[in-house]
Structures are given as C-alpha cells and as structure tokens.
Amino acid sequence: MATGVLPLCLGEATKVSQFLLDSDKKYRARIKLGIRTDSGDAEGSVIEKCDDFDVNRRDLETALNLFRGAIKQLPPMYSALKVNGVPLYKLARKGVTVARELRKVTVYNLVLTEFEGDELELEITCSKGTYIRTIADDLGQNLGCGANIIALRRLQAGMFTEKDCISATMLQSEKEEFGLDRIDRHLVPMDMAVADLPQVVLPSITASCIKNGQAVLVRHLPEEGLVRLYEEEQFIGIGSIDDDGKVAPKRLLVN
C-alpha cells in the first residue's frame, strides 16, 4: 500500500541516514471517506463506518485548511515511536493503548488533486515526523464521516525524488543477470543526501583540526545550522556552527 522513494545508505553512508530522516518529505495520498480504522489505513481493522454522509468540495477544502502550516498531531499507536524502549505498533498489535503527547509538525503545501465520490487524493509536502495517516484520520473526524488511507506514495525524501529511483525488481534482475558489480553503478555519492546543506571547503591543515574534534574558525560561514564539510574536494562529514561562530564536527566519516 505504501510505495515510492526510499533512500538506502550503505557502509559509511549510514552516517548521513539521520539527516535523511530529518529531511522534509512529499507524498501523494489516496483517502477513502466513510470508514475509520484503528491504524488510519486500509490495512487496519474497521472501528467506525458511515454510509450516510454528504461531503462536497467546499466542505473538503474548508476542512483541509486545518492541516496547512504549523499543526499539532497525536502520533498513532501504529507507529515506530517507542515507549520505554517498545515500539508503539507492538503494543497496538496486543490491543494496548498508551498516552502520547501531541507533536508539532509543519505542512508546507497541501493540494487537493482529485475528489470523486467517496475518494480523494492529496499531495502533501511536510516536515519530518508528519503522519499522513493521522491527517487522513483527523480529516475524517472533522468531516464527521471517518476516513483512512488506501494508497500512499512518497514522492520525495530530502533531495531525492522519484526520478532518482530504481525499482527493487530491476535491481534484482540486474544482479541475477550481471552480478553485484553491475548494480554498483546505481550508487551515488553520500554527500548527495545532504546536498541542501551549505558547503564549507577546508584546507588540509584546518580539516585535520576538525578530524581531531576541534572547532575551527573559517571565513564566510553561515550564521547557524549544519554544513557539509570538505577537505579540498573530498567530503569528510557534517559540521555545525557553534555559538562562537566556529564550525565544529557533528558527524565525521572515516577516511
């Protein structure tokens, strides 16, 4: 039911995986009105059903306005969030519900691309931690008829879009026909995962200080935030701007 962009990090590139998780995402969500499930999607158990409802496009657009911009969400029980080290979905599968805190997320763009009968389609660009299933469930509650996700496709994760992707089926086919070396051609440089961060190029002597854990003063640094660090032309990791205006190592690669 869920398809789309899934960046895979191998070897040293796993060190940039957290920054991919923290990046913005874009989704296409297909939603069915009239049915509410315990998971917020079609794979869950039906908990409410409404056969008699009348929702027009104006009603829908009015309700969708509540989900644009900075909003608060209650994470679903069917999620990977942990309570005392246990993922919520494991508790949910046992029929256990625990208290969760509202979380702030941002929906940068939400467009109704299709609406016919009891189904609609949305394109949503959002911050990390946004649950599209929760948007669907909350939308259904607001409309008074219930709703759930019946198809979800991730269109973008950070800098990666569908055009950057290759299907698992194609990878498997190439591996079987040509061997592992052939699929290496699909690997991309790990700094592409953080290409949206400002670039800071360091001379070797300054890069050595960074590698030894020291913060260094470099000209033309951003005022704050994370940066990509390079020793000459070689990517060496992620840095952060500290309160003194220096760049300090945040996550370095092994060279």
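Just the number, please: percent antiparallel of the DSSP beta bridges in the chain, rounded to the nearest 5.
85
May I ask you to list the lysines whose Cα is less than 19 Å away from that of Lys246, ignoring any residue fewer than eight positions away on the same chain?
Lys211
In percent, what relative contact order does the stretch 190-252 have, based on Cα pairs under 8 Å that are 6 or more apart in sequence?
Over the stretch 190-252, the number comes to 34 percent.
With the contact rule set at Cα under 8 Å and sequence spacing of 6 or more, what percent relative contact order holds for the stretch 22-160?
Across the stretch 22-160, relative contact order equals 44 percent.
Compute the FRET efficiency between Glu174 and Ser240 as 1/(1 + (r/R0)^6), taking r as their Cβ-Cβ distance and R0 = 51 Å, and round to the nearest 0.05.
My answer for the efficiency is 0.85.
Show me the three semi-axes of the equivalent ellipsoid for the stretch 22-160, from the C-alpha gyration tensor (sqrt of 5 times each eigenvalue), largest first, rounded to whole Å.
After diagonalising the Cα gyration tensor, the semi-axes are 23, 20, 13 Å.
Could you work out how much longer the chain between Lys94 and Ala151 gets when fully extended? Use 0.36 nm per residue separation minus the Cα distance between them, nm to one decimal.
Result for the pair: 18.0 nm of gain on full extension.
Ordered by packing density, taken as the mean number of other Cβ atoms within 10 Å over each peptide's residues, highest first, how do 54-63, 177-186 rank?
Packing proxy ranking, top to bottom: 54-63, 177-186.
Which one, Gly237, Tyr27, Cys50, is farthest towards the positive end of the dipole of the chain when Lys and Arg carry +1 and Asp and Glu -1 on their Cβ?
Most positive-ward Cα: Gly237.
If neighbour count is taken as other Cβ atoms inside 10 Å, put Ser173, Ser39 in order from fewest to most.
Ser173, Ser39
Under the rule that a partner needs its Cβ under 4.7 Å from the first Cβ, which Cys of the chain have none?
For the chain, the answer is Cys9, Cys126, Cys165, Cys209, because their Cβ atoms have no other cysteine Cβ under 4.7 Å.
Counting C-alpha atoms alone, how compact is the chain: give Rg to one decimal and Dmax as a whole number, in angstrom.
According to the Cα coordinates of the chain, Rg and Dmax are 22.2, 72 Å.
Write down the percent of antiparallel bridges among all DSSP beta bridges whose residues are both part of the stretch 190-252, to the nearest 5.
Beta bridges within the stretch 190-252, antiparallel portion: roughly 75 percent.
When only C-alpha pairs under 8 Å and at least 6 residues apart count, what is the relative contact order of the chain, in percent?
23
For the stretch 22-160, what is the number of Lys pairs with C-alpha distance below 19 angstrom, counting only pairs 8 or more positions apart or on separate chains?
Going through the stretch 22-160 pair by pair, I get 15.
Over 13 Å, how big is the tail of the calculated P(r) for the stretch 202-255, in percent of all Cα pairs?
Of all Cα-Cα pairs in the stretch 202-255, 51 percent lie more than 13 Å apart.
Quick note: the coordinates plus some simple rules give every number you see, no bench work behind them. Source: prediction; values computed, not measured. As a convention, Cβ positions derive from the backbone with ideal geometry for all residues, glycine included, and neighbour counts pool all protein chains shown.
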